[in-house]
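S.K.: This is the structure, below, for whatever I ask next.
The values are calculated or read from the model by the stated rules, or taken from the named source; none is laboratory data. Since the structure is predicted, the reported quantities are computational estimates derived from the model, not experimental observations. Here the Cβ positions follow ideal geometry from the backbone for every residue, glycine too, while neighbour counts run over all protein chains shown. The protein model used for the area step is the full one, side chains on, heavy atoms only, and it has no ligands, DNA or RNA in it. Shrake-Rupley method; radii C 1.70, N 1.55, O 1.52, S 1.80 Å.
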Amino acid sequence: MKSPLLTLPGAVPAEGVDEGVAAHYGDLFREQRALADGTGFVDLSHRGVVAVTGEDRLAWLHLLLTQHVSDLPAGQATEALILSANGHIEHALYLVDDGATVWAHVEPGTQEALIAYLESMKFFYQVEIADRTADIAVVHLPAGSIVPVPEGVVVRETPNGRDLFLPRADLEAYAAQAGPPAGILAYEALRVEQHRPRLGFETDHRTIPHELGWIGSAVHLQKGCYRGQETVARVQNLGKPPRRLVFLHLDGSEVHLPVAGTELRLADDGPDGRKVGFVTTSARHHELGPVALALVKRNVAVDAPLVAGDTAAAQEVVVEP
């Protein structure tokens, strides 16, 4: 969906998955600094919004999700995954229950497949699932923000800020009093700094939760009875994931950032060395310079210098080998 905030001064449309909102509003680093200081907002109105109602909603979702939600208190934010039968990540949901409805925002364009799966699993449970993307827009306020939240708006509050489930009809009016807008590139740069994985960026068709550090935050190890749980338990108790997420400090002298999918090699092996991983997200950070998230083979030494394409890269451990 195309956001009306693309008409704001300086707005440059984002491309790819984030098409529909602004990449930036003319000054990427200023926008990053504002978010880091707890001011401004990010338009995430392109994200899918799914609502689940009914008296069985939490007990039912508990059976399907990787997270323990059967006793989720009203107003408490959490995140959860839906896995394939083989334990590969298919969906990531960012949840809050308001006492009557579970609200979730998901990656743009994934809500239809998610709802189709949820509908297929309703059976005899008293639940109703609705796609609310057309009438509810997600707006992010950074941690420390003092911008007021309109009465009646559902809020998902996390250490990284607040996600508002705002009526789409109120988006322009709210933006006018919420402070300076920040584009998705600023939001993504801070996400990379915080080592937070994103579905479709840090994941591919064979990613399992252990590789990205989603154990604990999105996967509860003391519950079972969800699709893919056997893989989660087996890797947790008996083995190690084949890959691990790392944070990269990139050579700041390079003009171009290595794009997603850029191969990583050991610097000592030279340009013809074997591939040991790939870049998943890269960004220019207002303090750290060029940085990236990447997946590398688990046995790559944590202090080994790497090369992303032609760009030197130093690792920082996110997921322990």
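S.K.: What residue, among those in the range 1-16 that are loosely packed, with under 15 Cβ neighbours inside 10 Å and assigned to a loop (DSSP other than H, G, I, E, B), is nearest to the chain's Cα centre (by Cα)?
M.R.: Glu15
Here is a yes/no grid of residues against (1) on the phi > 0 side of the Ramachandran plot; (2) outside any helix (DSSP H, G or I):
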{"residue": "Glu157", "(1), (2)": "no, yes"}
{"residue": "Ala175", "(1), (2)": "no, no"}
{"residue": "His195", "(1), (2)": "yes, yes"}
{"residue": "Arg206", "(1), (2)": "no, yes"}
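S.K.: In addition: Scan (1) closer than 24 Å to Leu199 by Cβ; (2) in a loop (DSSP other than H, G, I, E, B) for the single condition Ser253 breaks and write down its number.
M.R.: Against the list (1) closer than 24 Å to Leu199 by Cβ; (2) in a loop (DSSP other than H, G, I, E, B), Ser253 comes up short only on (1).
S.K.: List, please: which pairs have Cβ atoms under 8 Å, are six or more places apart or on different chains, and start with a residue in the range 289-312 that is free of Cβ contacts under 8 Å to residues at least 60 places away in the same chain and within 16 Å of His256 (Cα to Cα) and end with one that is open to solvent by 20 Å² or more (accessible area, probe 1.4 Å) and of a type in the set (Val, Ile, Thr)?
M.R.: Correct list of pairs: Gly309/Thr262.
S.K.: Still on this structure: Restricting to the range 19-51, what's the tally of residues that are of a type outside the set (Ser, Thr, Tyr), within 25 Å of Thr133 (Cα to Cα), in a loop (DSSP other than H, G, I, E, B) and out of contact with any His (no Cβ under 6 Å at 6 or more places or on another chain)?
M.R.: 2
S.K.: Give me the residue from the range 227-244 that is open to solvent by 40 Å² or more (accessible area, probe 1.4 Å) and outside any helix (DSSP H, G or I) and, out of that set, modelled with the lowest pLDDT.
M.R.: Here is the first cut: in the range 227-244, the residues open to solvent by 40 Å² or more (accessible area, probe 1.4 Å) are 227, 229-230, 234, 236-238, 240, 242.
Pick out the ones that are also outside any helix (DSSP H, G or I) and you get 227, 240, 242.
Details: Arg227: 96, Lys240: 92, Pro242: 96.
Going through the qualifying residues, I end up with Lys240.
Per-residue answers, yes or no, for (1) within 12 Å of the chain's Cα centre (by Cα); (2) of a type in the set (Lys, Arg); (3) open to solvent by 10 Å² or more (accessible area, probe 1.4 Å):
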site	(1), (2), (3)
Glu79	yes, no, yes
Gly87	no, no, no
Glu90	no, no, yes
Gly99	no, no, yes
Gly109	no, no, yes
Glu112	no, no, yes
Tyr117	no, no, yes
Met121	no, no, yes
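S.K.: Something else now. Take the residues in the range 256-288 that are open to solvent by 50 Å² or more (accessible area, probe 1.4 Å), without any contact (Cβ under 8 Å) to a residue 60 or more places away in the chain and part of a strand (DSSP E or B), then tell me which one is farthest from Pro321 (Cα to Cα).
M.R.: Ranking the candidates gives Glu263 first.
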